[in-house]
Ligand SMILES: [Cu+2]
């Protein structure tokens, strides 16, 4: 008859804890050493200061999930292999281990509190609306297109046929967007900015973009809003302030569907 060696079992538990600890240290150490080049875990890096904050929060969540994953799967795989059925006798029955129960209650609470605090901080930053933005744009979503109106410039861009409008923004300047819908629920979504916001009938949403990289990006509707939902595309062009001013002066007398 097989006997259970308590000493070797506790030794094995110590070994598992050590593997988890060393594995986590190696992964976190590698990530910290390569801090300039942390992986993006498939997310856009955010081409605005607000989107960049969202991206860093996502990165933090993803990195923190690695030791959590290891602390679950290493003991799980170990338990499956080490304690698989070897006979018909009933294994030694044990219950409750106060130190482990305290650890697996307290550690998740600490993790949740940390994630909550960081999330609130980033949300406050992303949803902050400047009292004195450099530019304002009124965005109207409708079935099935977009209208971008620049009140200070008198410029209007809108969807016309299969020609998608251009949302032009100056780099390193803050633009406040006023978002409304004239019919059903739409979603104003710019993947490269890591940003999406509902366009709701009867509700006015305000948010800021401070783009930090010149380039062209794709925007789209993120809510299934009807037959031609998939056609609700738009371009986002971020230009230098000088380039933006040149665009503005060439368009201010010539508002049109892009
Ligand atoms: Cu839509």
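The values are calculated or read from the model by the stated rules, or taken from the named source; none is laboratory data. Source: prediction; values computed, not measured. Quick reminder, even Gly has a Cβ in these numbers, built from the backbone with ideal geometry, and neighbours come from all protein chains shown.
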For this session: Could you tell me whether any residue of segment 88-108 is free of Cβ contacts under 8 Å to residues at least 24 places away in the same chain and closer than 30 Å to residue 212 by Cα?
Result: no
Seminar exercise, completed: In segment 183-202, residues that are in contact (Cβ under 8 Å) with a residue 24 or more places away in the chain and over 17 Å from residue 229 (Cβ atoms) total 4
Problem set entry | Single unsatisfied condition, residue 196 versus (1) in contact with a helix residue (DSSP H, G or I) (Cβ under 8 Å, 6 or more places away or on another chain); (2) closer than 25 Å to residue 55 by Cα | (1)
Exercise. Could you list, in sequence order, the residues of segment 39-87 that are over 30 Å from residue 208 (Cα atoms) and crowded, with 16+ Cβ neighbours inside 10 Å?
Worked result: 67, 70, 71, 74, 75, 78
Exercise. How many residues are crowded, with 19+ Cβ neighbours inside 10 Å, more than 16 Å from the ligand (Cβ to nearest atom) and outside any strand (DSSP E or B) if we restrict to segment 202-227?
Worked result: 1
For this session: Identify, by number, the condition in (1) within 11 Å of the ligand (Cβ to nearest atom); (2) more than 22 Å from residue 51 (Cβ to Cβ); (3) touching a strand residue (DSSP E or B) at 6+ places or on another chain (Cβ under 7 Å) that residue 156 doesn't meet.
Result: (1)
Exercise. In segment 168-201, how many residues are in a loop (DSSP other than H, G, I, E, B) and either more than 16 Å from the ligand (Cβ to nearest atom) or outside the structural domain of residue 247 (by TED's automatic domain parsing) (or both)?
Worked result: 5
For this session: State yes or no: is residue 103 more than 30 Å from residue 252 (Cα to Cα), modelled with pLDDT of 95 or more and either outside the structural domain of residue 242 (by TED's automatic domain parsing) or in contact with a helix residue (DSSP H, G or I) (Cβ under 8 Å, 6 or more places away or on another chain) (or both)?
Result: no
For this session: Name every residue in segment 232-251 that is outside any loop (DSSP other than H, G, I, E, B) and over 9 Å from residue 169 (Cα atoms), in order of residue number.
Result: 233, 234, 235, 242, 243, 245, 246, 247, 248, 249, 250, 251
